[in-house]
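Taking it in order: structure first as structure tokens, then the write-up.
The values are calculated or read from the model by the stated rules, or taken from the named source; none is laboratory data. Just so we're clear, the structure is a prediction, and the values are computed from it rather than from any experiment. Note that each Cβ is placed from the backbone with ideal geometry, even for glycine, and that neighbours are counted across all protein chains shown.
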Amino acid sequence: MSAQLTTSKTPGRTGRDEKLLQIIGYLLLTVISLFCLVPFILVLSSSLTEESSIIKDGYQLFPSVFSLGAYKLLFEFPGQLIRAYAVTISVTVVGTVVGLFLTSMTAYALARKDFKWRNGFSFFFFFTTLFSGGLVPWYLMIVNYLQLKDTFLILVLPMLLNVFYIIVMKSFMNSIPDAITESAKIDGAGDFLIYVKLILPLTKPALATIGLFIALGYWNDWYHAMLFITNENLMPLQYYLYKMLGNMDGMRKAMVASGAVVNLQIPTESLKMAMTIVAIGPILLVYPFIQRYFVKGLTIGAVKG
């Protein structure tokens with residue numbers, strides 16, 4: 001009798017617990033969302049604020065003195081900015097597509113249990129995460145031997161493969177039943193056909209997740225351009241904005257050092273914020289379309305290691 005009373009009370013209590021957990025979860029997500037949204041609003045507001053107001057009152061959530069001076073200065077030479085955008089978009093698209101193909105194909109080979117050298121190749125990939133040849137030998141190899149300086153390939157090749165992404169993709173592919181590949185082999189399908197027709201469609205969540213990471217890496221990359229690009233026609237967006245900001249800082253310091261009285265206020269601080277808005281805009285537009293794959297890829301890829 002007591003057992004029956006206990007079981008009869010359990011569903012109601014469980015329902016209350018679930019509602020309480022949902023309320024706490026929604027509150028936590030709301031707080032976290034605000035922590036993520038407020039800095040973006042602060043950056044946007046600062047990019048639309050007069051430079052003198054930022055220097056006097058600091059950064060504010062709402063512009064105290066509205067001004068488009070930073071954006072006017074940023075788009076003063078639209079041809080260079082559009083060219084930098086085109087280079088970055090090209091590098092991001094090519095690098096993401098080729099990188100996803102190589103990463104998924106490598107992960108598929110390492111996930112195959114009938115590939116007898118997979119442990120050796122796995123150790124080889126993992127070894128590269130622990131040791132490297134160093135910056136100077138790498139730079140000499142790129143410039144003197146491979147002759148890749150001031151080429152489009154130097155913006156794509158260094159970030160084409162990432163061992164961490166291979167491991168995540170391999171973990172995701174391990175969750176795919178072996179019966180799928182075995183049945184395809186019985187029907188006469190080869191390894192590459194199985195990879196293209198069966199494995200890739202089943203790994204869309206992982207592809208979206210890794211693809212977003214690769215695209216973000218290419219989009220935000222300025223380091224390789226700083227090392228190997230001197231041709232202005234090949235400057236990506238991030239490096240172009242970095243150089244522009246450096247020129248503005250240099251100009252301002254030169255004016256201060258010379259002691260010249262200049263009425264023109266260079267919008268250095270608001271320009272930094274405007275550059276941030278211009279740089280992150282396309283990524284913000286792309287992310288909502290792959291968000292559901294992104295979440296699913298993170299959860300499923302973390303189940304098996």
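Below, the figures for the structure above:
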| read-out | value |
| --- | --- |
| Segment 168-190, subset surrounded by fewer than 18 Cβ atoms within 10 Å (Cβ to Cβ) and in contact (Cβ under 8 Å) with a residue 24 or more places away in the chain, residue nearest to T128 (Cα to Cα) | N174 |
| Residue within segment 62-71 that is surrounded by 17 or more Cβ atoms within 10 Å (Cβ to Cβ), among the polar types (S, T, N, Q) and in a loop (DSSP other than H, G, I, E, B) present | yes |
| Selection within segment 222-260 - modelled with pLDDT of 70 or more and of a type in the set (D, E) | E232 |
| Which listed residue is in a helix (DSSP H, G or I) and more than 30 Å from I166 (Cα to Cα), from V87, V43, V94 | V43 |
| K116 vs. criteria assigned to a helix (DSSP H, G or I), among the basic types (K, R) and farther than 30 Å from N233 by Cα | no |
| Residues of segment 206-221 classified as hydroxyl-bearing (S, T, Y) and at pLDDT 90 or above, total | 1 |
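Results for (1) in contact with a helix residue (DSSP H, G or I) (Cβ under 7 Å, 6 or more places away or on another chain); (2) among the hydroxyl-bearing types (S, T, Y); (3) modelled with pLDDT of 85 or more, shown as yes or no for each residue.
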site	(1), (2), (3)
M1	no, no, no
T10	no, yes, no
G15	no, no, no
Y26	no, yes, yes
P63	yes, no, no
E76	no, no, no
S90	no, yes, yes
Y108	yes, yes, yes
